[in-house]
Each structure stands twice: as C-alpha cells, then as structure tokens.
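I have placed the structure first, in the form of structure tokens, so that the comments after it can refer back to it.
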Amino acid sequence: MRITDITQLLEQWAPRSLQESYDNSGLITGDSQLVCTGVLCALDATEEVIDEAVEKGCNLVVAHHPILFGGLKKIDPNHYVGRALIKAIRNDISLYAIHTNLDNVIEGVSKGMADQFGLLHRSVLSPQKQILKKLYTFVPSVHVDAVSTALFQAGAGHIGRYDQCSFRQAGEGSFRASEGANPFVGEIGVLHREAEWKLEVIFPAYLEKEVLMALKQAHPYEEVAYDLVSLSNEHPGVGAGLIGELPEAIGAQEFLNRIKHLFGTPVLRFSGPADRPIKKVALCGGAGSFLISKALASGADVFLTADLKYHEFFEADGRMLLVDLGHYESEQFTIDLIQSFLAGKFPNFAVLKTGRTTNPVCYH
Ligand SMILES: [Zn+2]
C-alpha cells in the first residue's frame, strides 16, 4: 500500500476542496508514491511526534494541524517548525494534514466532541452553500436503472440521511446522426425519436469528476446529453460546528462539571447564565468564535468552543452559556476519529495513535 492510497481515502471522508482558503491541508512533505510502513495519528506533527513515528516504524504522520501553515521563508533548525520538517525529511516521514476540511464535515472534528455527550438529532451549525450541483441527463428507457445505479455508486443522490435520491420523468428525445457518427440507435442522416427518461440527481461539487465519469461509462449513447447546474442550497452535512441535543436536560453546573471530566480540563472559562437547564448543545472544535451568532440564532443553551477573546465572551449576551474549554482539549478526540477511520478501512495495517500529548498550554 502506498501513501497515496491512504490519503485518497482520507480525502473521500474530508475532501480537500472543503478546506478554508487560508488553510494548508494535504500532503505537506513526502513522496505520495512510497510504500507506507505505518500511520501515526496526532493533533500536531511536532518534533517529538516525528521521533515517535521513527521509533514505531511509521513513515506517515496524519495530523489535524498543518505544521507548515503561514508563508514560511526558511526552514530554520532553531524554530520548532523547522526542526520538525528537517527531522521528517531526514527520516523519510511523510506529513499529511487534515485540518479545516475535517472541521467542515459533520462526521469530522465536531463529531469527536459530540460523541462525548452522546448528542442526538445532530446537524451542522453553519451549513455551507454553493457546493451542491444538480445533474440532469436523458437516458433511453432500458438503460435508466443502470445509469442511476452508476451515479449513486459515484456518490450522487445523497440528501441528509437518505441515499439513492433521484427524480425521473418519461419523455421523448430526438437526434440525427451525422456522417462519421456511431449512433447507439437510429441511422446516419435520419431524424430519430427515442423514448427516454429525464433523470436528475444532486451531488456535492467535489464529486463532479467521478459523477460525470460514471455517467459516461454507464450511458449507452456516443454523445451523452446532460446539464450541470450549480445550486445555492445548503449542504446539510458540510459546514462548521455542530448542534444537537443531550438525551436529557441537565443543570448548567452539572454540565460544566461534565465537560471538565470528559475533556480532562482542569479549568473552564465561560460567560452567560450558569443556572439554567442545558439541553441544546452547539459546539465547534478549536477557534470557533465566528460561530457565536449562529449558536445564538439556533437557540442553543450552550456553545462550547475554544480560543475565545475577552470581548467575545460578552456576545453570549446573557442568552446562552458560552464556554471556552481549550483548543487542544476540544480537538483531542480527533486523533481517535482519524485512527478509527483508517483502522476501519485497513484492519490489518499499523494505524497508531500518538502517545505524546502535544498541548503546549499548561494550567497552574
Ligand atoms: Zn485546531
């Protein structure tokens, strides 16, 4: 198995096109064609994590945070980023980051947090728009099932918790083949009418290549007629943050204690009412202050995130509990998420979790 086989699977889960514009997800260093000897999953590809990868014989580190992030001008051995890169390159260790693209899928970073509370009725807190497309195609009657099956297998037709969604309508197509054509039905130079179905399916834009390839392979015509339309609908499974409900409402004090216990946080910073029952929980791993207004609008009793600044604590405005539990703490379960995803796909392959805690923040 090559490194690219692993990264391709990761990108089916969290497509790179879903990363934010400022991000640097993907292969940061290393040859994707190398045979993979083992994967080490971490939150940060620090020097000590790369040492651990060497010790454990893993030549691929999959980390949530890209160690190479800003516009680095030099690889400086006196800086922690430079040291990590030099060590990785010297030891032929590939570094792969799965960052905001994993934040932006409902089965990603936020799931790692939501699972701790057993949240029910989950949805994305801020669903993304402009990433869905609609395909309309026109298929002769006897092939319509084969074409729709191929489109579903390529990932089209998913709406929320439903798959194989499509719409079809019977009609009649017409065409006249020119000299040199090789028509599936009809004759050269003669107008032909054929009973066809108009078939429509929805799909995320990042699957366009796969969906069109499946269409062209399954459709019998030499020239396949189809229309692609960009939609402004929200994608229910793509976007930042998550909202869900606790199985049972609990008091705010008990909820705060539960966070400390589940996430191993010795201290929490919070604002807002600490005496109301908590049922509806909004959350976002890492720096999530950009979602405070979405959490308020969704009617959440609490918004759980990290990296909040002083003035941002005012924005809860007495209407919900706003909790900062620490960046590392909020995202720590992402390591388990990546590891179990890969181990599930490659049960007989070494996919390990780091034993190093890379949280740079201490509490006193
Ligand atoms: Zn983070």
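Values as computed for the structure displayed
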| read-out | value |
| --- | --- |
| Tail fraction, Cα-Cα pairs, the chain, threshold 29 Å, whole percent | 52 |
| Set of region 173-195 residues, backbone N closer than 14 Å to the point 7 Å along the Cα-Cβ line of Lys216 | none |
| Potential lengthening between Tyr310 and Ile86 on full extension [0.36 nm per residue; Cα-Cα distance subtracted] | 76.9 nm |
| Pairwise FRET efficiency - Glu208 versus Phe349, Cβ, R0 = 41 Å, nearest 0.05 | 0.85 |
| Inverse of mean 1/r across different Cα pairs in region 51-181, Kirkwood, Å | 20.5 |
| Links that overshoot a 30 Å alpha carbon limit, given the list Lys111/Lys134; Lys129/Lys209; Lys260/Lys353; Lys294/Lys345; Lys129/Lys216; Lys209/Lys345 | Lys294/Lys345 |
| Within a Gaussian network of the chain (alpha carbon springs, distance under 10 Å), most fluctuating of Val229, Val54, Val147 | Val229 |
| Likely footprinting exposure, Glu223, Glu11, fewest C-beta neighbours within 10 Å first | Glu223, Glu11 |
| Ordering of 100-106, 129-135 by packing [mean C-beta count within 10 Å, highest first] | 100-106, 129-135 |
| Taking only Cα atoms of region 320-364, radius of gyration then Dmax in Å | 14.5, 46 |
| Gain in span if fully extended, Val35 to Ala181, counting 0.36 nm per residue against the direct Cα distance | 48.0 nm |
| Residues in region 284-308 that a label on Glu254 would reach, taking backbone N under 19 Å of a point 7 Å out along Cα→Cβ | 301-303 |
| Residues Cys41, Cys36, Cys362 arranged by fewest to most Cβ contacts within 10 Å | Cys362, Cys36, Cys41 |
| Gained length - His261 relative to His192, 0.36 nm times residue gap less alpha-carbon distance | 17.7 nm |
| Expected 222 nm ellipticity per residue - DSSP helices of 4 or more, -39500 (n - 2.57), all of the chain, to 500 | -8000 deg cm²/dmol |
| Ala274 versus Gln8: modelled label distance in nm, points set 7 Å from Cα along the beta carbon direction | 5.3 |
| Highest-first arrangement of 21-33, 326-338, 59-71, 209-221, where packing means the average Cβ count within 10 Å | 326-338, 59-71, 209-221, 21-33 |
| Simple spin-label estimate for Asn233 and Asp163 in nanometres, 7 Å along Cα-Cβ | 1.7 |
| Exposure proxy order (Cβ contacts within 10 Å, fewest to most) of Thr265, Thr37 | Thr37, Thr265 |
| Local electrostatic count at Tyr328 - Lys and Arg +1, Asp and Glu -1, tallied over other residues with Cβ under 13 Å | -4 |
| Sites Gln116 and Val224, calculated FRET efficiency, Cβ-Cβ separation with R0 41 Å, nearest 0.05 | 0.30 |
| Rounded if a/c under 1.5, otherwise prolate or oblate - region 215-364, Cα gyration tensor axes | oblate |
| Alpha-carbon centroid distance for the pair region 28-89 / region 224-256, whole angstrom | 32 |
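Where a number appears in this text, it was derived from the coordinates with a stated rule and is not lab data. No experiment lies behind these values; they were computed from the predicted model shown. Glycine also receives a Cβ, built like all others from the backbone with ideal geometry; neighbour counts cover every protein chain displayed.
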